[in-house]
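**Student:** Quick one: the structure is below, questions incoming.
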Amino acid sequence: MQFKIIAAHDLDKQQRQQIAELCFAAFDEDPWSQYTFMQTAVHIIGILDNTIVSHALWTDRIFTLKDDVIVKTAYIEYVTTDYKMRGKGLASQLLRYLTNLLSTLGYELAALQPEDEAFYEKLDWISWLGYLYIKQDVSTYLTDDYQIMLFPLTTKLKERLTYNLEEDTICADWREGELW
Ligand SMILES: CC(C)(COP(=O)(O)OP(=O)(O)OC[C@H]1O[C@@H](n2cnc3c(N)ncnc32)[C@H](O)[C@@H]1OP(=O)(O)O)[C@@H](O)C(=O)NCCC(=O)NCCS
């Protein structure tokens with residue numbers, strides 16, 4: 001499988017259409033029609049025989065940990081493989097490629113909200129057990145019902161987050177749509 005990294009605004013018409021079809025099949029929506037911030041996402045596509053068979057995207061977020069440590073984070077969404085091509089290791093390859101790439105781009109952490117944790121656990125992602133806060137304007141509030149998973153991209157963060165204590169916190173800025 002060949003990988004390409006393309007900013008949302010540089011996708012050509014055919015790529016947009018193929019990504020939309022994959023995302024509609026998996027999530028009943030394409031990434032762009034609901035939220036403006038998706039226009040600044042970066043897509044990773046896996047290509048076989050000139051066809052996009054696997055996909056993910058990320059947007060930039062800043063996570064602030066409990067002691068005001070600021071973490072440059074790639075927030076990953078719309079992970080999907082064409083249903084005819086599932087179970088062949090394509091999404092695993094794509095996510096491994098993506099996390100390697102993100103560390104070379106200076107990201108310290110990758111994060112996502114999993115549909116199914118087992119798939120990501122196999123790829124060494126860890127479940128966040130601490131609190132999740134959202135900062136909106138001047139207020140900061142706890143968001144209770146969310147489960148996120150993390151893939152630390154630096155040794156320091158890996159040590160801290162792998163053994164995360166349940167009282168540790170992550171705070172991110174508010175965004176439209178799904179907060180996490
Ligand atoms: C989840 C998804 C992306 C996996 O794509 P894929 O290319 O089939 O993944 P892989 O072939 O790399 O699967 C890797 C492993 O995870 C397992 N796996 C795949 N989907 C899984 C799931 N939903 N739950 C648990 N395990 C899963 C596979 O059986 C495989 O296990 P193995 O290595 O022991 O054989 C694909 O099933 C999909 O598009 N699902 C619908 C959209 C979705 O749920 N996306 C995730 C959003 S967070």
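The values are calculated or read from the model by the stated rules, or taken from the named source; none is laboratory data. Just so it is clear, the model here is predicted, and its values are computed rather than measured. Note that we place each Cβ from the backbone using ideal geometry, even for glycine, and neighbour counts take in every protein chain shown. To get the accessible areas, we keep the full protein, side chains included, count just its heavy atoms, and leave off ligands, DNA and RNA. Shrake-Rupley method; radii C 1.70, N 1.55, O 1.52, S 1.80 Å.
**Student:** Being within 20 Å of residue 107 (Cβ to Cβ), within 15 Å of the ligand (Cβ to nearest atom) and β-branched (Val, Ile, Thr) narrows it down to one of 44, 62, so name that one.
**Tutor:** 44
**Student:** So which residues in the stretch 1-26 are under 24 Å from residue 175 (Cβ atoms), open to solvent by 60 Å² or more (accessible area, probe 1.4 Å) and either within 16 Å of the ligand (Cβ to nearest atom) or hydrophobic (A, V, I, L, M, F, W, C) (or both), if there are any at all?
**Tutor:** Narrowing the stretch 1-26 to residues under 24 Å from residue 175 (Cβ atoms): 5-11, 16, 19-20, 22-24, 26.
Right, trim to open to solvent by 60 Å² or more (accessible area, probe 1.4 Å) and you get 5, 9-10, 16, 24.
Listed by number, the residues that qualify are 5, 24.
**Student:** Sticking with this one: Pick out, from the stretch 98-178, the strands (runs of 3 or more DSSP E) lying fully within it that include 2 or more residues that are within 16 Å of the ligand (Cβ to nearest atom) and open to solvent by 80 Å² or more (accessible area, probe 1.4 Å).
**Tutor:** none
**Student:** Still on this structure, I have one more. How about the stretch 34-58: which of its residues are among the β-branched types (Val, Ile, Thr), free of Cβ contacts under 8 Å to residues at least 40 places away in the same chain and part of a strand (DSSP E or B)? Can you show your working first?
**Tutor:** Start the filter on the stretch 34-58 by keeping residues that are among the β-branched types (Val, Ile, Thr), which leaves 36, 40, 42, 44-45, 47, 51-53.
Of the ones still in play, those that are also free of Cβ contacts under 8 Å to residues at least 40 places away in the same chain are 40, 42, 51-52.
Correct list: 42, 51, 52.
**Student:** Being more than 16 Å from the chain's Cα centre (by Cα), near the ligand (Cβ under 8 Å from one of its atoms) and more than 21 Å from residue 29 (Cα to Cα): is that true of residue 90 here?
**Tutor:** yes
**Student:** Next up: Could you give me the residue pairs with C-beta distances under 6 Å whose first residue belongs to the stretch 70-96 and is within 18 Å of residue 172 (Cβ to Cβ) and open to solvent by 80 Å² or more (accessible area, probe 1.4 Å), whose second residue is of a type in the set (Ser, Thr, Tyr) and more than 7 Å from the ligand (Cβ to nearest atom) wherever it lies, and which are 6+ apart or on separate chains?
**Tutor:** As it stands, the answer is 70/64, since those pairs meet every condition given.
**Student:** Kindly establish whether residue 108 is of a type outside the set (Lys, Arg), without any contact (Cβ under 8 Å) to a residue 60 or more places away in the chain and in contact with a Leu (Cβ under 7 Å, 6 or more places away or on another chain).
**Tutor:** yes
**Student:** State whether the residues of the stretch 135-143 include one that is farther than 21 Å from residue 59 by Cβ and within 18 Å of the chain's Cα centre (by Cα).
**Tutor:** Scanning the stretch 135-143 turns up no residue that is farther than 21 Å from residue 59 by Cβ and within 18 Å of the chain's Cα centre (by Cα).
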